[in-house]
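Data first, discussion second: the structure below is written as structure tokens.
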Amino acid sequence: MTFRTPIIAGNWKMNNTASEGVALVNAIKPLVERAVCEVVVCVPAIDIPAVAVALEGSNIRLGAQNVHFAAKGAYTGEISAAMLKEYGVRYVIIGHSERRQYFGETDETVNKRTKAALEAGISPIVCVGETLEQRETGKTQEVLDRQIAVGLQGIPDLAKIVIAYEPIWAIGTGRTATCEQAENTIHYIRKKCAELFGEEQAEAVRIQYGGSMNADNYRLLMSMPDIDGGLIGGASLKAADFSAIVNYDKGGMGGMKLSKDLL
Ligand code: 13P
């Protein structure tokens, strides 16, 4: 079985000014310096320059929350992958349900953004997940099938992306998926990836769970075999809670694999 290095990413959403962001990462840094997973903070775009400086020399990687698909041009208000890259951004969240719901993101634009990020050498964290109504009417698999088939269409190497399974009904609600629900659905996503991209790719892709994951409930979720990490919203805004999740040693690997594969 392939070992997949766990990845815990904070999604700050629209929280923290640049100075507040610097203070938060300065508080997190000493608490996670022995982490055996990959640690990422996905910060508001305007915080990136200051947080990039604050993260220098640390084991925390910088992430963004969106990227435009064009290389440059007349797209007022947008930010290109090259602009992110210049500040050392390593990850970018793409297709978060809030962007799908409020900003017209579709599986087609998710696909274009994913390709643009990969071309610039930034790893996309591609978000998928169903609404409560879709789950209750038995449409979860159908929704995920489309999000994966269209969103990841033509992606050559799934090892270079991360998928975040975020059931919309669990985001910011305090209503976490049970570990069985999360594991079963993430297992299904991996199966779908195998069908579309082959077994080897499906074994390599890291899949996070997101949705009200916090310092009280992360252990069970993280212990599930198909869950390779978390995309953390609210709990990533508190240094103590975020670092508690980060410091979980899945499988007791003690970082050997991390240093070999990623450093
Ligand atoms: P919460 O952890 O606040 O539920 O947010 C999850 C999320 O949307 C992360 O991207």
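Residue by residue through the range 181-225, note down the ones that are within 16 Å of the ligand (Cβ to nearest atom), over 21 Å from residue 151 (Cβ atoms) and buried (at least 19 other Cβ atoms within 10 Å of the Cβ).
212, 213, 214, 218, 221, 222
Of the conditions (1) farther than 20 Å from residue 63 by Cα; (2) out of contact with any strand residue (DSSP E or B) (no Cβ under 7 Å at 6 or more places or on another chain); (3) buried (at least 16 other Cβ atoms within 10 Å of the Cβ), residue 144 clears all except one; give me its number.
(2)
Just the residues that are among the polar types (S, T, N, Q) and either buried (at least 18 other Cβ atoms within 10 Å of the Cβ) or within 12 Å of the ligand (Cβ to nearest atom) (or both), please, taken from the range 163-180.
Listed by number, the residues that qualify are 173, 176.
Among (1) within 16 Å of the ligand (Cβ to nearest atom); (2) in contact with a helix residue (DSSP H, G or I) (Cβ under 9 Å, 6 or more places away or on another chain), there is one condition residue 116 misses while meeting the rest; what is its number?
Going through (1) within 16 Å of the ligand (Cβ to nearest atom); (2) in contact with a helix residue (DSSP H, G or I) (Cβ under 9 Å, 6 or more places away or on another chain) one by one, residue 116 breaks only (1).
Only one of (1) part of a loop (DSSP other than H, G, I, E, B); (2) away from the ligand (no atom under 16 Å from the Cβ); (3) more than 14 Å from the chain's Cα centre (by Cα); (4) not acidic (Asp, Glu) is not met by residue 14, so which one is it?
The failed condition is (2).
Counting only residues that are more than 11 Å from the chain's Cα centre (by Cα), β-branched (Val, Ile, Thr) and surrounded by 14 or more Cβ atoms within 10 Å (Cβ to Cβ), how many does the range 1-11 have?
1
Laboratory data are not the source of any read-out in this text; all were calculated from the coordinates shown. Computed from a prediction, not measured in an experiment: that's the story for all the values here. Ideal geometry is used to build each Cβ from the backbone, glycine not excepted, and the neighbour counts take in all protein chains shown.
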